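Data first, discussion second: the structure below is written as structure tokens.
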Amino acid sequence: MTTTDNIDPAEIEKFNSLAHRWWDPDGDFKPLHDINPVRLAYIQARTDLSDGEVIDIGCGGGILTESMARLGAAVTGADMAEKALSVARLHAHESSVVVTYETATAERMASTRPGCFNTVTCLEMLEHVSDYPATVQACADLAAAGGNLFFSTINRNPKAYLLLVLGAEYIMNILPRGTHDYAKFIRPSELCRAIRAAGLEVCEVKGLSYNPFTRNGSIGEDVDVNYLVHARKPNDTHPS
Ligand code: SAH
């Protein structure tokens, strides 16, 4: 890592130290397992996962990555937490699912494979980097013209703080303490501004809600806490 990398080393260390917990459906990443079916269905309804290549930025242990590969996608997962990637590789191998995993930031992937991916996913990751607009720009660079991009993160307001930091981490213990840093939460308007500044079109912003009692995720209009953005890279326009 160099000081110019868009990486928060404390964040990477946190995810490395939790690496062995990724695939325990009742463990530290339980909410990600529980919301995965609805976010996967959302993505699948808006992009053709079997058309071209897919990249999952900040893939962690590969919960979403592997689920897209199971649907026939040719997926690369990129993350900077080496131990999370070791777990991801092992799990894919044991499950006979083909996924390519690389230790890389979005920026590094964009410098080697710009314009190569018809689908780019970057879920629950932007709130862990030091410069999220730079990550959004790198995702835009990775996308092919006409490609679909999906971002999800956490809104910054008192409700999100109460539910996600106090509620989930400190009262209900459904997330490890210290998982989230409130100051890094991103308002939908801020994320949409970064998405447009990267040359992308915002297609839709939807809320992603999680009920810890029923363990169900759902997609709707309430963007107060967790939310998803579908964006598209414009088709190449050729001056006449
Ligand atoms: N996207 C996955 C995992 C989210 S957890 C899912 O939704 O299931 C956030 C992940 O982002 C962690 O695995 C962490 O290591 C990774 N991450 C944080 N900063 C990163 C960076 N600068 N480059 C790549 N990955 C990063």
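The values are calculated or read from the model by the stated rules, or taken from the named source; none is laboratory data. Just so it is clear, the model here is predicted, and its values are computed rather than measured. Here Cβ is always computed from backbone atoms with ideal geometry, including for glycine, and neighbour counts include all displayed protein chains. Areas reflect the complete protein model, heavy atoms only, side chains present, ligands, DNA and RNA absent. Shrake-Rupley method; radii C 1.70, N 1.55, O 1.52, S 1.80 Å.
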Could you please find all residues in the range 88-104 being within 10 Å of the ligand (Cβ to nearest atom) and either buried (at least 23 other Cβ atoms within 10 Å of the Cβ) or among the hydrophobic types (A, V, I, L, M, F, W, C) (or both)?
Ala88, Ala104
Can you work out which of the residues in the range 127-148 that are more than 16 Å from the ligand (Cβ to nearest atom) and either modelled with pLDDT under 95 or open to solvent by less than 30 Å² (accessible area, probe 1.4 Å) (or both) is nearest to Thr47 (Cα to Cα)?
Asn148
Got a sec? Which of Phe151, Phe117 is touching an Asp or Glu at 6+ places or on another chain (Cβ under 7 Å) and crowded, with 24+ Cβ neighbours inside 10 Å?
Phe117
Search result, residues across the range 77-98 that are touching an Asp or Glu at 6+ places or on another chain (Cβ under 6 Å) and under 22 Å from Leu126 (Cβ atoms)
Gly77, Ala78, Leu85
At least 2 residues that are within 10 Å of the ligand (Cβ to nearest atom) and open to solvent by 20 Å² or more (accessible area, probe 1.4 Å) in each: list the helices (runs of 4 or more DSSP H) lying fully within the range 1-74 that qualify.
9-17, 30-46
Residues satisfying the stated conditions in the range 188-219, i.e. in a strand (DSSP E or B) and open to solvent by 20 Å² or more (accessible area, probe 1.4 Å):
Glu201, Val202, Cys203, Glu204, Val205, Lys206, Ser209, Tyr210, Asn211, Asn216, Ser218, Ile219
